[in-house]
Amino acid sequence: MFDSVLIANRGEIARRIIRTVRGMGLRAVAVYSEADADLPFVREADEAVLLGPANPAQSYLDQEKVLLAAKETGAQAIHPGYGFFSENADFAQAVLDAGLVWIGPAPEAIRQMGDKINARNLMEEAGVPVAAGTREPVTEPAEAAKEAARIGYPVMVKTAGGGGGIGMGVAYDEESLAKAFEQASRAAARFGGTPAILLERYIERARHVEVQILGLADGTVLALGERDCSVQRRHQKVVEESPSPGITPELRARMLAAAVRAGEAVGYRGAGTVECLVDADAQDFVFLEMNTRLQVEHPVTELVTGVDLVAAQLRVAAGESVTLDATPKGHAIEFRVYAEDPKRFFPGPGKIAEWREPAGEGVRVDSGYLEGNTVTPFYDPLMAKLCVYGATRAEVIERARAAVAGFTVTGPKNNLPFCAELLDRAEFVSGDYDTGLVSRMRS
């Protein structure tokens with residue numbers, strides 16, 4: 001086991017990783033931008049290095065500065081968290097080339113799964129169900145129209161190399177396809193990705209369900225249950241829960257087995273997630289994508305399995321054997337607390353005048369801010385993750401109502417009122433919901 005870890009991230013995920021790193025008796029090194037100098041993660045690390053200005057390109061995404069910080073502090077390993085460098089195969093390779101330990105899967109696995117078309121084809125070859133779609137990149141509107149006619153409308157249009165729902169759109173006919181294709185192409189150019197577009201058959205009334213996998217040092221791939229991530233705005237997750245209330249035990253078994261095959265197909269090591277779309281009516285599923293990193297919503301899996309996923313990542317990266325009982329017990333729900341307008345979901349940064357976190361049985365809060373801190377416009381507006389655990393889903397919903405009511409944030413706009421509204425929505429409470437839930441709430 002290495003003795004020091006540099007966390008190449010910020011905010012709540014940096015705090016969460018620091019907690020486990022120090023709990024294991026290792027030294028935690030933080031890096032930060034000028035905008036984040038007063039945030040808790042900087043103080044809580046054993047050592048912290050200023051990278052540069054707020055602009056991520058000059059701080060968190062400056063590869064040379066991050067590697068230099070590791071060298072100067074004597075850090076032996078780098079944990080990327082999520083976002084930033086977490087799914088950057090070139091950075092992972094640079095870490096290894098510098099003689100450091102990369103806490104994540106092999107660069108080649110990241111590269112293979114980073115291209116959605118390549119990932120689809122690999123998964124299909126491995127026996128993982130995929131939706132009808134394109135096996136080659138689509139770069140021209142006329143080509144897209146031809147492929148859409150072959151697949152059959154409606155189709156989902158998305159960038160082959162994008163993530164987080166960026167640029168995604170649904171086309172129901174040739175006219176809307178042209179608009180969706182242009183939107184996805186612009187998004188690909190804006191975020192520096194491949195100009196290639198992927199088309200897939202769109203599933204109406206779909207649930208977004210993902211399986212947490214853990215690839216061990218000996219090559220074994222484990223499935224640690226699933227998470228339902230169907231509560232989304234703009235194709236981005238807001239609330240996640242485990243287990244999913246919308247799948248049968250038989251479907252769950254098939255999804256977990258497919259996720260293990262997916263991990264084995266790329267020789268996966270460490271924590272990763274196999275994301276699927278579930279046809280709630282047919283009780284069937286198809287592969288969506290694979291995230292080669294720790295997920296924002298990993299706490300719900302930790303709560304139902306009792307497994308510290310960050311500790312598991314560290315042990316796998318160090319080559320240690322990992323023995324664990326991953327049988328899920330009980331139920332957990334995570335609410336992402338954003339600095340955003342709870343109606344239109346536009347970012348609303350600002351200085352935090354008051355910050356009071358809820359407590360109580362089954363309540364866990366992973367936060368990146370404290371009273372007096374400022375949520376700046378430079379980064380994702382996620383302030384905290386409110387996680388609630390209980391023996392049953394009904395118990396968790398009751399506890400969640402109290403926890404949301406007891407979470408006070410003043411200063412920045414925040415989406416806690418939306419969380420309270422969701423917990424009173426009959427569709428969510430029943431468990432019979434899909435990815436269109438938030439749109440229906442705002443229609």
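The values are calculated or read from the model by the stated rules, or taken from the named source; none is laboratory data. Note that this is a predicted model, so its numbers are computed, not measured. Here the Cβ positions follow ideal geometry from the backbone for every residue, glycine too, while neighbour counts run over all protein chains shown.
For (1) of a type in the set (Ser, Thr, Tyr); (2) within 18 Å of residue 300 (Cα to Cα), each residue gets a yes or a no:
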position: 399; (1), (2): no, yes
position: 403; (1), (2): no, yes
position: 411; (1), (2): no, no
position: 420; (1), (2): no, no
position: 424; (1), (2): no, no
position: 429; (1), (2): no, yes
position: 433; (1), (2): yes, no
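May I ask you to list pairs of residues, at least six apart or on different chains, whose Cβ atoms are under 8 Å apart, with the first in region 235-255 being of a type in the set (Lys, Arg) and the second being at pLDDT 95 or above and in a loop (DSSP other than H, G, I, E, B)? Hits for this filter: 237/296; 237/297; 252/243; 252/244. Check whether at least one residue in region 284-302 is in a loop (DSSP other than H, G, I, E, B) and over 29 Å from residue 415 (Cα atoms), and report yes or no. No, every residue in region 284-302 fails to be in a loop (DSSP other than H, G, I, E, B) and over 29 Å from residue 415 (Cα atoms).
Of all the residues in region 144-169, those that are under 16 Å from residue 183 (Cα atoms) and either surrounded by fewer than 15 Cβ atoms within 10 Å (Cβ to Cβ) or not aliphatic (A, V, I, L, M) (or both) number 9. Across region 27-83, the number of residues qualifying as touching a Ser or Thr at 6+ places or on another chain (Cβ under 6 Å), surrounded by 20 or more Cβ atoms within 10 Å (Cβ to Cβ) and closer than 24 Å to residue 309 by Cα comes to 3. Residue 220 satisfies every condition listed in (1) over 16 Å from the mean Cα position of the chain (by Cα); (2) within 22 Å of residue 436 (Cα to Cα); (3) among the hydroxyl-bearing types (Ser, Thr, Tyr) except (2). Whenever a residue of region 44-67 is more than 23 Å from residue 92 (Cβ to Cβ), its partners that are of a type in the set (D, E, K, R) and surrounded by 17 or more Cβ atoms within 10 Å (Cβ to Cβ), lying with C-beta atoms within less than 7 angstrom and at least six residues away or across chains, give the pairs 44/15; 46/27. When 269, 261 are checked against the criterion of being assigned by TED's automatic domain parsing to the domain that holds residue 250, within 18 Å of residue 250 (Cβ to Cβ), of a type in the set (Lys, Arg) and in contact (Cβ under 8 Å) with a residue 12 or more places away in the chain, a single residue qualifies: 261. So, residue 90, is that one under 25 Å from residue 298 (Cα atoms), touching a residue at least 12 places away in the same chain (Cβ under 8 Å) and surrounded by fewer than 16 Cβ atoms within 10 Å (Cβ to Cβ) or not? Here the answer is yes, as residue 90 does meet what is asked.
Residue 399 - would you say it is surrounded by fewer than 21 Cβ atoms within 10 Å (Cβ to Cβ) and touching a Gly at 6+ places or on another chain (Cβ under 6 Å)? Yes; evaluated as a whole, the condition is true for this residue. For residue 310, indicate whether it is buried (at least 22 other Cβ atoms within 10 Å of the Cβ) and within 27 Å of residue 78 (Cα to Cα). In short, yes.
Across region 73-113, the qualifying residues are those that are more than 16 Å from residue 317 (Cα to Cα), touching an Asp or Glu at 6+ places or on another chain (Cβ under 8 Å) and not aliphatic (A, V, I, L, M), and the one among them that is modelled with the lowest pLDDT is 83. A search for C-beta distances below 8 Å between a residue of region 93-112 that is free of Cβ contacts under 8 Å to residues at least 40 places away in the same chain and any residue that is surrounded by fewer than 16 Cβ atoms within 10 Å (Cβ to Cβ) and part of a helix (DSSP H, G or I), counting only pairs 6+ apart in sequence or on different chains, returns 94/63; 98/71; 107/90; 107/96.
Residues that are under 30 Å from residue 217 (Cβ atoms) and surrounded by 18 or more Cβ atoms within 10 Å (Cβ to Cβ) were ranked within region 323-363; the one that is nearest to the chain's Cα centre (by Cα) is 334. The condition of being without any contact (Cβ under 8 Å) to a residue 24 or more places away in the chain and either outside the structural domain of residue 358 (by TED's automatic domain parsing) or among the small types (Gly, Ala, Ser) (or both) holds for only one of 332, 282, 317, 312, that being 282.
Scanning region 184-201 turns up at least one residue that is of a type in the set (S, T, N, Q), outside any loop (DSSP other than H, G, I, E, B) and either outside the structural domain of residue 253 (by TED's automatic domain parsing) or in contact (Cβ under 8 Å) with a residue 60 or more places away in the chain (or both).
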